[in-house]
Amino acid sequence: MCGIVAAVAQRDVADILVEGLKRLEYRGYDSAGIAVIENNAFKRIRRVGKVQQLSNSLAEQPLSGSTGIAHTRWATHGEPNEANAHPHLSEDHIAVVHNGIIENHQELKQQLKEKGYHFSSDTDSEVIAHLVEDELKTTSSLLAAVQAVCKKLTGAYGAVILDRRDNQRMVAARSGSPLIIGSGIGENFVASDQMALLPVTHRFTFLEEGDVAEITRSTITIYNADGEQVERECKDSDISHDIAEKGEYRHFMLKEIYEQPAAIQATLADRLSGELPAAEIFGPKAADILSEIEAVQIIACGTSYNAGMVARYWFEEIAGIPCQVEVASEFRYRKAAILPNSLLVTLSQSGETADTLAALRLAKQLGFRSTISICNVPGSSLVRESDLVYMMNAGPEIGVASTKAFTVQLVALMLLVCVIAEFRGADKAGLKELIRELRRIPEKIQNTLKLAQQIETLAEDFAEKHHSLFLGRGSHYPIALEGALKLKEISYIHAEAYAAGELKHGPLALIDSEMPVIVVAPNNLLLEKLKSNMEEVRARGGKLYVFADHGAEISSVDGITMIPIGDINELLSPILYVVPLQLLSYFVAVIKGTDVDQPRNLAKSVTVE
């Protein structure tokens, strides 16, 4: 991990490669590097830190060459330093950039050392460069060498390889880590994300599992894992190349928080032509599949997992079917008992989350009735490999801490719940009322965003805090989880979330005047019990920050700061109540001076285990 950009062209490509890296900065990284073939030799620059530092070095030492590769690295093997930054070279003949993890790299490294190869980094990636160099001693072409090397690798890789002795050609290989090819006129490109290439092309081909592609200025030839030449569809992207601009906003995260009303409107557009959603919004075969579903298994990671936790309450209350939710990295490594006619639902903003994708592939062997992906990236692996698909249409999400993807996932899940509930004979009048209220969510979020100034003032109370506790009950327990996740992600404050009824089973021991407690308190059947939990905190000197609607009858008094949230349908309230928690986390992070959009140690698209 994390970002790859490569080009073979008729013009100097260094500026294109660096611009591509800048457009991938949102993915998270710790170092950056570039190598171009100049006068039949590699010229390479690597720097720890931001891409801008690499750009500054290039301004002092310009590189000139029409074929090159560049990379931003998120450390998995070896600390962040220049020696471990990509590209990696072998014998000054081969250059490699690589995303993923080569699980058998120690074994391969030992074999290569015995052959006399010297390793200059602590990475797993460097073995690819030396393996290709070694294969070329007995193999006729770079393509054949890479194909042979791929058979020796265990693990995940998206890699691009150059040979300075054949300077008008590059080879790309994909297994478990995404790669796309961008097509131009007299030039072609490779990247790990189409965002990197939007300034130079809008035509993309997505490599599939096991594919190896040979790319020149004028040709793109793709081979599958069996070495057979195959055709992969080239698609036009309608994403604007300037979508990754912050505009009037200080950070992408803030921009994306404010984009939520429009994102929800976009995901509902053309999907709610009638009073109820049609099954076909999930695919042409959806009616046949969803009408037979008797249980649901949701698989996701991080923020998407929290969205799945909310949906569990909906599936069981509205559709009346059992729903289980599990972290993908756990599901894939245990023996699961699958209920009859179960639907596997995978959630991922990027569609390339390694654990979620692996769980989907495992599910196909476990007897699920069908699979559906709720995803934001067309052409991603999760989308291509699922039986049914719901495209979120939320627009690119740049901030590492997910915001609009979460609320749009919740909307998509509610639509799925309603479709299955209708097939199972649920009260149509109740479902229609739910959908009418769902249409009003963008307006309600817009009104909630007007609380920003009040929440910004409140955030000052967190400036010197090191710990915090989030509480919720019912479907708002996952919202408390999401609020805690956001705060820890971007402000680095240690934050935990609990179902409020669990306070007396341990967390009360943490309560003191230095432990702010954030409470999500919609006016529902659990409100009175939640108020009792709040009093338990208050009695022990805790400071409460309560997000509640007017009907909850909670006032700002000594020890309680109440932030009013507008009225909303009880079932849909989680979609609204997460928004002020997003704002709180954002303003706390700004006050603490952290890198909001690219928090330390994190990456946007996690394509390794």
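Where a number appears in this text, it was derived from the coordinates with a stated rule and is not lab data. Note that the structure is predicted; figures quoted are calculated from it, not measured. When we count neighbours, we look across all protein chains shown, and the Cβ atoms used for this are built from the backbone with ideal geometry, even at glycine.
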Mind computing the radius of gyration and Dmax over the alpha-carbon atoms of region 249-445? Å is fine for both.
15.8, 50
The base-10 log of I(q)/I(0) that the Debye equation returns for region 332-410 at q = 0.13, 0.17, 0.25, 0.26 Å⁻¹, one scatterer per C-alpha, is -0.40, -0.65, -1.16, -1.22
What shape does region 191-296 take by its C-alpha gyration tensor, where a ≥ b ≥ c are the square roots of the eigenvalues and a/c under 1.5 counts as rounded, a/b above b/c as prolate, and the rest as oblate?
oblate
Using C-alpha positions alone, give me the convex hull volume of region 450-598 per residue in cubic angstrom.
100 Å³
Percent of Cα-Cα pairs per 10 Å bin, from 0 to the last occupied bin, for region 3-236, please list those.
9, 37, 40, 14, 1
Based on the Kirkwood radius over alpha-carbon pairs, what value in µm²/s does the Stokes-Einstein equation return for the translational diffusion coefficient of region 1-91 at 37 °C and 0.692 mPa s?
256 µm²/s
Quick check: residue separation of ASP461 and ASN601 times 0.36 nm, minus the Cα distance between them. What number comes out in nm?
47.8 nm
Output the 0 to 90 degree angle, nearest 10, between the alpha-carbon long axis of helix 14-23 and the longest principal axis computed from the alpha carbons of the chain.
20 degrees
37 °C / 0.692 mPa s Stokes-Einstein diffusion coefficient of the chain, Kirkwood radius on C-alpha pairs, µm²/s:
129 µm²/s
Work out the length of the dipole vector of region 450-598 about its Cα centre, built from +1 on the beta-carbon of each Lys and Arg and -1 on the beta-carbon of each Asp and Glu, and round it to the nearest 20 debye.
200 debye
Cβ-Cβ FRET estimate between ALA509 and GLN52, R0 fixed at 45 Å, reported to 0.05:
0.50
Which whole number in µm²/s is D for region 124-245 by Stokes-Einstein, with the Kirkwood Rh taken over Cα pairs at 20 °C and 1.002 mPa s?
144 µm²/s
Take the alpha-carbon centre of region 557-604, take the same for region 320-371, and report the distance between them in whole Å.
29 Å
For region 157-217 and region 387-407, distance of Cα centres in Å
25 Å
Fewest first, what order do CYS375, CYS2 take by the number of other Cβ atoms within 10 Å?
CYS2, CYS375
Can you give the Kirkwood hydrodynamic radius for region 356-504, in Å, rounded to one decimal and based on Cα pairs?
18.5 Å
Checking rank on 362-374, 283-295, with mean other Cβ inside 10 Å and highest first, the result is 362-374, 283-295
How would you rank 460-470, 323-333, 415-425, 299-309, highest first, on the average number of other Cβ atoms within 10 Å across their residues?
299-309, 415-425, 323-333, 460-470
Counting other beta carbons within 10 Å of each residue's own, what order do MET534, MET515 fall into, fewest first?
MET515, MET534
Please tell me the relative contact order of region 121-261 in percent, rounded to the nearest whole number, where contacts are Cα pairs under 8 Å and at least six residues apart.
16 percent
For the chain, find the longest principal axis of its Cα atoms and tell me its angle to the long axis of helix 527-538, 0 to 90°, nearest 10.
80 degrees
Two-decimal ratio, region 266-340, of alpha-carbon radius of gyration to 2.2 N^0.38 Å:
1.26
Leaving out same-chain residues fewer than 8 places away, which lysines sit with a Cα under 25 Å from that of LYS543?
LYS450, LYS465, LYS486, LYS488, LYS504, LYS529, LYS531, LYS592
What ranking of PHE119, PHE547 emerges when the number of other C-beta atoms within 10 Å of each C-beta is taken as an exposure proxy, fewest first?
PHE119, PHE547
Cβ crowding within 10 Å averaged over residues, with 13-23, 108-118 ranked highest first
13-23, 108-118
